[in-house]
1. Restricting everything to alpha-carbon atoms, can you work out Rg to Rh for region 36-113 with a Kirkwood hydrodynamic radius?
2. For Lys64, which lysines qualify as cross-link partners when the Cα separation must be under 20 Å and same-chain residues fewer than eight apart are set aside?
3. Can I get the semi-axes of region 1-68's equivalent ellipsoid? Compute them from the C-alpha gyration tensor as square roots of 5 times the eigenvalues, in angstrom, largest first.
4. Charges only on Cβ, +1 for Lys and Arg, -1 for Asp and Glu: so what's the dipole of the chain about the Cα centre, in debye to the nearest 20?
5. Rank these residues by their accessible area, most exposed first, probe 1.4 Å: Asp61, Asp89.
6. To the nearest 10 Å², what's Val5's accessible area with a 1.4 Å probe?
7. In whole Hz, with x marking every Gly and Pro, tabulate ³J(HN,Hα) for region 104-112 from phi via Karplus 6.51 cos²θ - 1.76 cosθ + 1.60, θ = phi - 60°.
8. Suppose R0 equals 25 Å. What FRET efficiency, 1/(1 + (r/R0)^6) with r the Cβ-Cβ distance, do Ala60 and Gln3 give to the nearest 0.05?
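The values are calculated or read from the model by the stated rules, or taken from the named source; none is laboratory data. Quantities reported herein were computed from a predicted structural model and do not represent experimental measurements. Positions of Cβ are generated from backbone atoms using ideal geometry, with glycine treated the same way; all protein chains shown enter the neighbour counts. Each accessible area value is taken on the protein alone, full model and side chains, heavy atoms only, with ligands, DNA and RNA left out. Shrake-Rupley method; radii C 1.70, N 1.55, O 1.52, S 1.80 Å.
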Amino acid sequence: QVQLVESGGGLVQPGGSLRLSCASSGIIFSTYTMGWYRQTPGKQRELVATITFSGITNYADSVKGRFTISRDSAKNTVYLQMNNLKPEDTAAYYCKPTALNYWGQGTQVTVSS
């Protein structure tokens, strides 16, 4: 059974930072490209960042230079370091293997003064 558990969200002021974590189980984590996605009410889910099993990363233009995705295969965990947060980053954030259609409960990030 695939499980994805996101954590680390919260309320932060503009310009602040958060680090999201996503612990996975039930998959051979080290073989999958992992992605972080985000969604706001009424909008389609957006792919924010990806990281391959070999560590190659890719980012949406909206977060490039501010967000960093990383992974720890020993812990079956993927991270998203978010710096210089903006109000438009407010969303529920999810992680999953890009090739699979499993979703966790997500973690809410709210950027507001």
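1. Working: Rg = 12.4 Å, Rh = 13.2 Å.
That ratio is 0.95, to two decimals.
2. Result set, ordered by chain and number: Lys86, Lys96.
3. Values: eigenvalues 96, 49, 34 Å².
Equivalent ellipsoid of region 1-68: 22, 16, 13 Å, largest first.
4. Details: 10 positive and 6 negative charges, 7 e Å.
Using only the charged Cβ atoms, the result is roughly 40 debye.
5. Numbers: Asp61 130, Asp89 0 Å².
In descending accessible area the options line up as Asp61, Asp89.
6. Accessible area, nearest 10 Å²: 80 Å².
7. Karplus-based 3J(HN,Hα) across region 104-112 equals x, 7, x, 9, 7, 10, 10, 10, 7 Hz.
8. My answer for the efficiency is 0.45.
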